Amino acid sequence: MDEVTVTVRANGPYKVIGPFTLVDAEGQELVLPEGSAVALCRCGRSQTKPFCDASHKRTGFVADDTAPRLETRPVDRGESGDARSS
């Protein structure tokens, strides 16, 4: 199966690339727009929900948060040279 990537666009929609199925609250599959990518509304103002219609641009939607970065812990190799988490 192909990989699906969901990208959070700064101040915009979720961009979904790859094959996926979108199901509504009643369990019915939605027909996806043609193409390899789909933009899903994040601002709540789209007239074509769940799809984006660029309403976020007209309404001044702001959501440019970035994902928290995972902290990496240094690896302690000790005297034996074996890797151990510190």
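Working only within segment 40-51, note down all residues that are open to solvent by 40 Å² or more (accessible area, probe 1.4 Å) and either on the phi > 0 side of the Ramachandran plot or in contact with a strand residue (DSSP E or B) (Cβ under 8 Å, 6 or more places away or on another chain) (or both).
Scanning segment 40-51 gives ARG42, GLY44, PRO50.
For ASP24, work out the one condition from (1) in contact with a Cys (Cβ under 9 Å, 6 or more places away or on another chain); (2) open to solvent by less than 70 Å² (accessible area, probe 1.4 Å) it doesn't fulfil.
(1)
Is it true that some residue in segment 60-78 is of a type in the set (D, E, K, R) and at pLDDT 95 or above?
no
Rundown of residues vs (1) more than 10 Å from the chain's Cα centre (by Cα); (2) closer than 15 Å to ALA54 by Cα; (3) polar (S, T, N, Q), yes/no style:
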site: ALA10; (1), (2), (3): yes, yes, no
site: VAL16; (1), (2), (3): no, no, no
site: THR21; (1), (2), (3): yes, no, yes
site: GLU26; (1), (2), (3): yes, no, no
site: GLU29; (1), (2), (3): yes, no, no
site: LEU32; (1), (2), (3): yes, no, no
site: GLY35; (1), (2), (3): yes, no, no
site: VAL38; (1), (2), (3): yes, yes, no
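The values are calculated or read from the model by the stated rules, or taken from the named source; none is laboratory data. None of these values were measured; they are calculated from a predicted model. For neighbour counting, all protein chains shown are included, and Cβ atoms are generated from backbone atoms with ideal geometry for every residue, glycine included. Note: accessible area is taken over every heavy atom of the protein model, side chains too, but ligands, DNA and RNA are not part of it. Shrake-Rupley method; radii C 1.70, N 1.55, O 1.52, S 1.80 Å.
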